[in-house]
1. Step by step: first the residues of region 201-242, then only those that are over 28 Å from VAL46 (Cα atoms) and of a type in the set (Asp, Glu), then the one that is nearest to the ligand (Cβ to nearest atom). Which residue is that?
2. Output yes when any residue across region 255-265 is within 15 Å of GLU84 (Cβ to Cβ), assigned to a strand (DSSP E or B) and not aliphatic (A, V, I, L, M), and no when none is.
3. Check off (1) within 15 Å of the ligand (Cβ to nearest atom); (2) at positive phi for GLY145 and give me the number that stays unchecked.
4. Mind counting the residues in region 126-166 that are surrounded by fewer than 24 Cβ atoms within 10 Å (Cβ to Cβ) and of a type in the set (S, T, N, Q)?
5. Restricting to region 185-200, and then to whatever is part of a strand (DSSP E or B) and of a type outside the set (Gly, Ala, Ser), can you tell me which residue is surrounded by the fewest Cβ atoms within 10 Å (Cβ to Cβ)?
6. Quick check, is LEU191 more than 14 Å from the ligand (Cβ to nearest atom), within 23 Å of LEU80 (Cβ to Cβ) and touching a residue at least 12 places away in the same chain (Cβ under 8 Å)?
7. Within region 236-252, is there a residue that is part of a helix (DSSP H, G or I), more than 17 Å from CYS127 (Cβ to Cβ) and over 20 Å from the mean Cα position of the chain (by Cα)?
8. Out of region 177-228, which residues are among the small types (Gly, Ala, Ser), modelled with pLDDT of 95 or more and touching an Asp or Glu at 6+ places or on another chain (Cβ under 9 Å)?
Amino acid sequence: MEQLVARLRAAGCVFAEDEARILVEAATSDDVTDDARLEALVAARVDGLPLEHLVGWAELDGRRWGVAPGVFVPRQRSELLVREAAARALSLAAAVGAGASAGALPGAASEALSGAEAGPVLLVDLCCGCGALGGAVAARLLAAGHDVELHAADVDPVAVTCAHENLEALAAEAFAARAAGADRAQPPGRLSAQTYTGDLGAPLPAEAWGRVDVLVANAPYVPTEAIGMMPPEAREHEPHAALDGGDDGLAILRRVIDLAPALLRPGGHLLVETGEAQVGAAVGHLEAAGLVPTVLTDDDLGATALVGTAPLT
Ligand SMILES: C[S@@+](CC[C@H](N)C(=O)[O-])C[C@H]1O[C@@H](n2cnc3c(N)ncnc32)[C@H](O)[C@@H]1O
């Protein structure tokens, strides 16, 4: 193991110990390590292939998500967006439940929310890649006992196949957990997940428009000129279209923001990631689209995310 760690470190792997452990795990089954397979994996890693593409999964929010070669690898910093999206979905579901059952909310909030049935949380993941972000938000809601209807879309069919497999597995797991915990006071929720190939919101079903509780979109936001400065794992092994956000990095994000008001229900939330330098322009665009902006940062994760909330009236 020490030799392996040293080899990976010499190749520039910052978390060499973790990577060595993961590569050994990938080459091991029934407690037997296939040395030839391990050597092939290590050689490929030293050659610069992303660890996640080699082993076929990436971790996000405490779960493993399948990620095929050529598909964007989910980043740890996206946990900020996942955490916040789930928290907002939960408080919206609580408000809808309270408003629908008891007319408990005052004024405009009551009017906007109490007409809604306390049905499944309606979640959309645009630019979904392997589906990890929407899936991770859904997993948190399911664990809290909420049913979830998730629609995930991406322009890249390889990414959509990956998302389909990940979300199908999550739905099956939720089904099994529900069966196992049926006698609990609050059994886990049910997941209905659909995936689509196409440009941003274009492939989403007509029934979803105007009803979405939470829309997450980790769209490409790297300015075109900055792609050349990214680590080789990203610039050589992830599709250009997964990274390239145009001249200022906001070309696709602006389009996501523009379509959000038509997708969101009153009080619903759009959550996106940006670079720090893009916050001012992105906040301005959220406001221009009629959404109420909130800026979120997490220094430990090195993450910046924006929320745009649809007004209640
Ligand atoms: C930064 S990656 C994020 C993937 C995933 N959300 C994640 O965080 O792991 C951006 C994704 O946007 C997709 N994409 C780029 N342009 C798009 C468009 N016009 N419509 C839909 N998806 C698009 C890419 O294929 C890529 O999967």
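1. Ranking the qualifying residues of region 201-242, first place goes to ASP213.
2. So in region 255-265, the residues within 15 Å of GLU84 (Cβ to Cβ) come out as none.
Checked region 255-265: no residue is within 15 Å of GLU84 (Cβ to Cβ), assigned to a strand (DSSP E or B) and not aliphatic (A, V, I, L, M).
3. (1)
4. 1
5. Going through region 185-200, the residues part of a strand (DSSP E or B) turn out to be 191-197.
If we keep only those that are of a type outside the set (Gly, Ala, Ser) too, we end up with 191, 194-197.
Values: LEU191: 26, GLN194: 15, THR195: 24, TYR196: 19, THR197: 17.
Top of the filtered list is GLN194.
6. Values: more than 14 Å from the ligand (Cβ to nearest atom): yes; within 23 Å of LEU80 (Cβ to Cβ): yes; touching a residue at least 12 places away in the same chain (Cβ under 8 Å): yes.
Spelling it out, LEU191 is indeed more than 14 Å from the ligand (Cβ to nearest atom), within 23 Å of LEU80 (Cβ to Cβ) and touching a residue at least 12 places away in the same chain (Cβ under 8 Å).
7. So the first thing to find is which residues in region 236-252 are part of a helix (DSSP H, G or I), and the list is 236-237, 240-243, 251-252.
From what's left, more than 17 Å from CYS127 (Cβ to Cβ): 236-237.
Okay, now just the ones that are also over 20 Å from the mean Cα position of the chain (by Cα), so 236.
Yes: region 236-252 contains one or more residues that are part of a helix (DSSP H, G or I), more than 17 Å from CYS127 (Cβ to Cβ) and over 20 Å from the mean Cα position of the chain (by Cα).
8. Going through region 177-228, the residues among the small types (Gly, Ala, Ser) turn out to be 177, 179-182, 185, 189, 192-193, 198, 201-202, 206, 208, 210, 217, 219, 226, 228.
In the following step, the residues that additionally are modelled with pLDDT of 95 or more were identified as 192-193, 198, 201-202, 206, 208, 210, 217, 219.
Listed by number, the residues that qualify are SER192, ALA193, GLY198, ALA208, ALA217, ALA219.
The values are calculated or read from the model by the stated rules, or taken from the named source; none is laboratory data. Since the structure is predicted, the reported quantities are computational estimates derived from the model, not experimental observations. Glycine gets a Cβ as well: all are built from the backbone with ideal geometry, and neighbour counts include every protein chain shown.
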